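Peer 1: Dropping a structure here in structure tokens format, bear with me for questions.
Bear in mind these aren't lab numbers, they're just calculated from the coordinates by the rules spelled out. Predicted model only: the values in this text are computed from it and were never measured. Backbone-built Cβ (ideal geometry, glycine too); neighbour counts: all protein chains shown.
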Ligand code: HEC
Ligand code: HEC
């Protein structure tokens with residue numbers, strides 16, 4: 001859909017104009033107590049008494065040693081999906097990094113005419129409008145910390161534990177001795193505020209990667225890392241506005257706000273949404289979460305047939321427009337689109353053999369696999385053969401074996417570059433004068449050599465925090 005049409009459809013949705021709210025993403029306390037608030041947030045993030053049953057905290061799924069993602073190498077390798085506080089329960093998605101979350105583009109996802117894309121929100125599907133709003137989800141989620149009464153998430157459950165818990169003293173220090181006279185709702189707001197303050201603090205979001213050091217003239221990149229940076233950004237120095245490099249892998253189209261770099265450090269995502277055609281993760285335990293009686297609010301209605309609808313699953317429902325089924329109506333072309341996560345700390349791991357999983361469903365197990373997927377999604381093992389996802393039966397007449405399994409949600413209307421021949425055809429960002437430009441390709445058939453793939457991986461390692469101290 002071209003952007004004008006998208007806007008026409010959007011204007012039919014009540015309340016769309018009110019979407020681009022300017023409410024603050026980070027409500028950092030600006031008094032002398034901010035240190036105490038951050039210290040409280042740090043402990044809340046680690047407090048395993050705040051789940052039901054006890055035993056799970058935010059840090060259980062977002063550990064600093066892995067760049068604030070899931071810290072169990074075996075689980076990452078086998079399923080990629082984190083278990084909840086209740087034994088045997090699992091959610092549908094992989095925990096993303098929470099570092100830098102408070103700095104992400106705020107708002108329920110909206111169509112940005114300048115970016116020519118849907119942007120904004122947190123979670124893989126954008127259902128939290130900012131980091132503050134996000135905090136309630138894991139506390140209440142039946143497949144995560146499960147603080148529910150009669151299958152509804154309730155602040156009372158958390159408030160009660162806080163009043164009598166070991167963090168009560170820190171709470172009073174940060175918010176005054178009367179803090180526990182607040183209603184459970186208001187007290188929960190303080191919990192969220194403190195956690196967000198911690199997430200935004202230099203301990204979690206420090207901007208201390210080798211890349212930051214390089215930009216500040218404090219480090220040199222190796223030849224491979226520099227090649228990777230050049231390919232990732234498509235520029236000679238890895239900065240916007242500079243001389244273009246001979247080749248671009250177009251990562252920054254979605255993973256960087258390049259034109260805004262002068263305004264502050266790059267977040268390595270512009271919070272846009274896309275269907276990359278990531279294969280279904282058959283090892284996800286979520287397919288077996290079909291116990292409706294045992295887990296009324298967290299079960300998987302579709303069982304083995306479950307397909308993650310991504311942002312569509314949330315946004316259409318938000319507007320009261322039910323799209324439960326894949327291949328249902330999709331006028332805004334949202335089904336199967338997910339938010340581009342930050343690339344900061346994608347490689348951060350406690351030891352080299354530690355396995356991390358990538359993408360919304362944890363399908364990929366190494367950065368090399370991810371980059372190879374971008375490079376070769378539309379290829380088969382027969383040289384020169386391309387899979388064309390716009391065909392009714394894309395696999396029907398192939399001579400070779402596809403290099404990757406089919407997309408979890410196969411729809412040429414939402415898939416980026418479905419034909420594997422040009423960047424923007426079929427993308428939400430369709431832009432008529434770029435349609436046939438193969439050098440603007442974003443995924444599918446990037447024609448990167450093995451060395452170039454490895455260089456991109458080498459560069460991604462430069463995005464791990466902790467390279468230097470501020
Ligand atoms: C059981 C594992 C688990 C626990 C416990 C957990 N999370 Fe998460 N977290 C996830 C998963 C999975 C997602 C992605 C869910 C989605 O997108 O639908 C996520 C997403 C997030 C995001 C969004 C990041 C982004 O860039 O979109 C933030 C922020 C976050 N969690 C913070 C927290 C906080 C704060 C807590 C504790 C109150 C917490 N999480 C507890 C698994 C967990
Ligand atoms: C068209 C937009 C787009 C382009 C171009 C793009 N990405 Fe992504 N990227 C995304 C989206 C969207 C996701 C999440 C997709 C999903 O989970 O289904 C993602 C996910 C990732 C992840 C997984 C991160 C995690 O925490 O799981 C990595 C790594 C990544 N991209 C690296 C790259 C690299 C390297 C390039 C350039 C070769 C690139 N991306 C180009 C949109 C893009």
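Peer 1: Can you give me the angle between helix 155-164 and the longest principal axis of the chain, using Cα atoms only, in degrees from 0 to 90, rounded to the nearest 10?
Peer 2: Between the helix axis and the principal axis of the chain, the angle is about 50 degrees.
Peer 1: Just to confirm my numbers, what's the Cα centroid distance between the range 296-359 and the range 43-110 in Å?
Peer 2: Centre-to-centre (Cα) distance: 15 Å.
Peer 1: Please state the Cα pair-distance histogram of the range 139-238 with 5 angstrom bins from zero: what percent is in each bin?
Peer 2: 3, 11, 14, 14, 10, 9, 6, 6, 9, 10, 7, 1
Peer 1: Still on this structure, please answer the following. Take 105, 218 and order them by how many other Cβ atoms sit within 10 Å, fewest up front.
Peer 2: 218, 105
Peer 1: Quick one: order 356, 304 by neighbouring beta-carbon count within 10 Å, fewest to most.
Peer 2: By the 10 Å Cβ count, ascending: 304, 356.
Peer 1: Report the Rg/Rh value for the chain, based on alpha-carbon coordinates and the Kirkwood definition of Rh.
Peer 2: Value, to two decimals: 0.96.
Peer 1: When the Kirkwood radius is taken over all Cα pairs of the range 324-365, what Stokes-Einstein diffusion coefficient follows at 25 °C and 0.890 mPa s, in µm²/s?
Peer 2: Result for D is 187 µm²/s.
Peer 1: Quick check of the Kirkwood formula: for the range 207-470, what is the inverse mean of 1/r over all pairs of different Cα atoms, in Å?
Peer 2: When all Cα pairs of the range 207-470 are included, the Kirkwood radius is 19.8 Å.
Peer 1: Can you give the angle from 0 to 90° between the axis of helix 34-46 and the longest principal axis of the chain, with both taken from C-alpha atoms, to the nearest 10?
Peer 2: For helix 34-46, the angle is close to 80 degrees.
Peer 1: Also, I was wondering about something else. So how do 403, 293 line up by other beta-carbon neighbours within 10 Å, fewest first?
Peer 2: Placing the least packed residue first, the sequence is 293, 403.
Peer 1: Could I ask something else about it? May I ask you to derive the relative contact order of the chain, considering only C-alpha pairs under 8 Å and at least 6 residues apart, and to give it as an integer percent?
Peer 2: Relative contact order for the chain comes out at 19 percent.
Peer 1: When the helices in the chain are scored as -39500 (n - 2.57) per DSSP H run of 4 or longer and the sum is shared across all residues, what 222 nm value do you end up with, to the nearest 500 deg cm²/dmol?
Peer 2: -7500 deg cm²/dmol
Peer 1: If I fit a long axis through the Cα atoms of helix 223-233 and take the longest principal axis of the Cα atoms of the chain, what angle between them do I get, 0 to 90°, rounded to 10?
Peer 2: 90
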